[in-house]
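A.B. asks: First, the structure itself, so that you have it in front of you.
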Amino acid sequence: MPLSELLAYFRPLAAERRDLGSGPVLQTPGVNVLALNAAYVAQAPTEAAEAELHTFFTGHGAPPLVLSPYTWDGQDVGGLRVGEWRAGKTATEHIAVEQVSRLQLATWAAVLAESYEALDWAGLLAQHFAARLEGRRDFALLLAYAGHDPVGAGLWRAEGKGGAMHLWGTLDPAADAPLLNAAAQLAGGRVRVSLPDASPLHLPDAEVLTFTLLSGR
């Protein structure tokens, strides 16, 4: 199930997890990654669930953000298509992708932050991921380059068949497929990924999840 996949991927990267009746919540104050600051709710919306989520997020001074396969009442702040990407040939020979060491974390975080038009967050992201990834061998940093310029960043995790890369971003759409291909090639030619709404790439049999900022009460 895509929702549980994303929860398993992001849980080690979050500051804390809380379990509510409506579902688990990941919280990571000071980091702007949506999946690290959301409730993962598999059920359809109910008044009781909405009330519980509002109470929790308000009590923690955080926006009430829900990730769910269902439509909730509020502002749609981004959808994800979750499925399996299989490595294939691309026409973007000028893009090279490398697995890099944690010494490149500052560069990796800067590319990731800029890809989401939030470059000011680069330093905080680098600090956060340096702490969360310390000693973890199941995660690998990937950087895509156009010549000498870094244009893409991804975080691959070894889990299941082929692993997963649900956190990634590029500054050049031409780097999207090569970056995903590199992640797939780390383990057998396939990888579980999330594509944002705007991505023109195709995932067969993808399932859709949506981030919703719940309406005020």
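A.B. asks: Any idea of the accessible area per residue across the range 102-205, 1.4 Å probe, to the nearest Å²?
C.D. replies: Result: 47 Å² of accessible area for each residue.
A.B. asks: How far is helix 105-115 tilted off the main Cα axis of the chain, in degrees rounded to 10, range 0 to 90?
C.D. replies: 70
A.B. asks: So, one more: Search the structure for amide H atoms under 5 Å from the amide H of Gly162, placed 1.01 Å from N in the peptide plane, and list their residues when 5 or more places away or on another chain.
C.D. replies: Result for Gly162 returns nothing.
A.B. asks: Skipping prolines and chain starts, which residues have an amide H placed within reach, meaning under 5 Å, of the one on Leu167, given they are 5 or more residues away or on another chain?
C.D. replies: Leu155
A.B. asks: Applying the Karplus parametrisation 6.51 cos²θ - 1.76 cosθ + 1.60 with θ = phi - 60° to the phi angles of the range 70-84, what ³J(HN,Hα) value in whole Hz is obtained for each residue in order, glycine and proline being reported as x?
C.D. replies: Taking θ as phi minus 60°, the curve returns 9, 7, 9, 6, x, 9, 6, 10, x, x, 10, 9, 10, x, 9 Hz for the range 70-84.
A.B. asks: Each residue of the range 184-195 in order: what ³J(HN,Hα) in whole Hz does its phi give by Karplus 6.51 cos²θ - 1.76 cosθ + 1.60, θ = phi - 60°, with x for Gly and Pro?
C.D. replies: Going residue by residue, I get 5, 6, 5, 8, x, x, 8, 7, 7, 9, 10, 10 Hz, with x marking Gly and Pro.
A.B. asks: Tally up the carbon and sulfur contribution to the accessible surface of the range 44-125 as a whole percent, 1.4 Å probe, everything protein left in place.
C.D. replies: Using a 1.4 Å probe with all protein chains present, the range 44-125 comes out at 52 percent carbon and sulfur.
A.B. asks: Going by amide H atoms built from the backbone, whose H comes under 5 Å of the H on Gly74, apart from near neighbours?
C.D. replies: Placed amide hydrogens put Ser215 under 5 Å from Gly74.
A.B. asks: Then there is this: Could you give the angle, 0 to 90 degrees to the nearest 10, between helix 47-59's Cα long axis and the longest principal axis of the Cα atoms of the chain?
C.D. replies: Once rounded, one gets 70 degrees.
A.B. asks: Extent of the range 27-105 along each principal axis, from alpha carbon coordinates, in Å, largest to smallest?
C.D. replies: 52, 29, 18
A.B. asks: Taking percent of Cα pairs over 20 Å apart as the quantity of interest, determine which of (i) 58; (ii) 62; (iii) 66 was computed from the displayed structure.
C.D. replies: Recomputing percent of Cα pairs over 20 Å apart here gives the entry labelled (i).
The values are calculated or read from the model by the stated rules, or taken from the named source; none is laboratory data. What you see is a predicted model, and the numbers here were worked out from it, not measured in a lab. Ligands, DNA and RNA are excluded from the accessible area calculation, which covers all protein heavy atoms including side chains. Shrake-Rupley method; radii C 1.70, N 1.55, O 1.52, S 1.80 Å.
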